[in-house]
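In what follows, a single structure is set out as structure tokens and then discussed.
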């Protein structure tokens, strides 16, 4: 019996005469969706920061703060016991 990983959503168990798909668990799906939402919000916030009428150094500081918050959010999502 061999187990193949076919990407994010499905793994396959290959037995001599058949292939069976194994769906991902609910927890894994929540992690994937949560991470995608965080990335979309991160891109939106970067766009909004770039259209603000402030100088380049202040924009860079805002972007760094947003990235740090996003990294902490993703770590809290992946590791539920992550201290904040």
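The values are calculated or read from the model by the stated rules, or taken from the named source; none is laboratory data. No experiment lies behind these values; they were computed from the predicted model shown. Note: ideal-geometry Cβ built from the backbone for every residue, glycine included; neighbour counts use all protein chains shown.
Quick notes on this structure:
- Scanning the range 8-48 for residues that are part of a loop (DSSP other than H, G, I, E, B) and either under 30 Å from residue 60 (Cβ atoms) or modelled with pLDDT of 50 or more (or both) yields 15, 16, 17, 18, 24, 25.
- Selection of the range 49-83 for residues being touching a helix residue (DSSP H, G or I) at 6+ places or on another chain (Cβ under 8 Å), within 20 Å of residue 27 (Cβ to Cβ) and not in a helix (DSSP H, G or I) yields only 82.
- Beta carbons closer than 7 Å, at least 6 apart along the sequence or on distinct chains, pair a first residue in the range 39-53 that is touching a residue at least 24 places away in the same chain (Cβ under 8 Å) with a second that is surrounded by 11 or more Cβ atoms within 10 Å (Cβ to Cβ) for 42/66; 42/70.
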